[in-house]
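The values are calculated or read from the model by the stated rules, or taken from the named source; none is laboratory data. Predicted, not measured: the structure shown is a model, and the values here were computed from it. Quick reminder, even Gly has a Cβ in these numbers, built from the backbone with ideal geometry, and neighbours come from all protein chains shown. Side chains included, ligands, DNA and RNA excluded: accessible areas come from the protein's heavy atoms. Shrake-Rupley method; radii C 1.70, N 1.55, O 1.52, S 1.80 Å.
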Amino acid sequence: MQRSDLLKASPPMFQSRFLDRFTRVHPVVPVLIYGPVIVVLLVLALGRDGWSDTAGLVLIGYCVWTLFEYWLHRLVFHFEPEQGIGAKLHWMIHGVHHDHPNDPLRLVMPPAASIPLAIVVIGAIFLIAGTLHGLGVAAGFLVGYLVYDEIHYALHHHVPKSRLGKRLRELHMRHHFQDDEKGFGISAPYWDVVFRTYARR
């Protein structure tokens, strides 16, 4: 088997083919799930807050996502117990992606994981920002999540033409193949600069 095939062919997570199906996700699935939710949140936010306030709240939500993305990747995805249930969970959550980074169906978060996480985070956003401002912040957070998921897929399966795209791809490939303790911000690598985990050229 060639190395490229090995990097693509991830093994099943469960013996049950039915259960394993839920661990493999086409990259359009998050857009189909969260796109309508974002539209509803934005319509409600605009009705309550107006254009200018909503734009600011969406920007705040997006910034919250970028920080969440960085720390989730660094602290949760790269928490690596050596044995037992912790090691198994780590492999299922993120280890399989590092072992088989070219598997196109294991590049976006499965809804079975992303939906409960989104409910918890959006609940926290509403507790902190209130029901009035929480709508715009939640919309921005989910926009950030979709941007991250689709960028992550694109970095693995497309060759970017833009300077920014090429740089993002280089940084992410360095994280995979050079030093996995650097480059935790996939869609927002500036947090790696802030927290000193930036991969140097």
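List of remarks:
- If you filter segment 180-191 down to residues that are in contact with a His (Cβ under 7 Å, 6 or more places away or on another chain) and either exposed (fewer than 15 other Cβ atoms within 10 Å of the Cβ) or not hydrophobic (A, V, I, L, M, F, W, C) (or both), you find that the one that is farthest from residue 66 (Cα to Cα) is 180.
- Set 43, 58, 64: member being surrounded by 17 or more Cβ atoms within 10 Å (Cβ to Cβ), over 16 Å from the mean Cα position of the chain (by Cα) and under 19 Å from residue 122 (Cα atoms): 58
- Selection within segment 1-47: residues that are at pLDDT 90 or above and small (Gly, Ala, Ser). The member of this set that is nearest to residue 177 (Cα to Cα) is 35.
- Being more than 16 Å from residue 140 (Cα to Cα), modelled with pLDDT under 75 and within 15 Å of the chain's Cα centre (by Cα) is a property that residue 106 has.
- Checked against (1) within 22 Å of residue 29 (Cα to Cα); (2) in contact with a Pro (Cβ under 6 Å, 6 or more places away or on another chain); (3) assigned to a helix (DSSP H, G or I); (4) not charged (D, E, K, R), residue 108 passes all but condition (3).
- Selected residue [over 30 Å from residue 53 (Cβ atoms) and either open to solvent by 50 Å² or more (accessible area, probe 1.4 Å) or in contact (Cβ under 8 Å) with a residue 24 or more places away in the chain (or both)] from 194, 137, 159: 159
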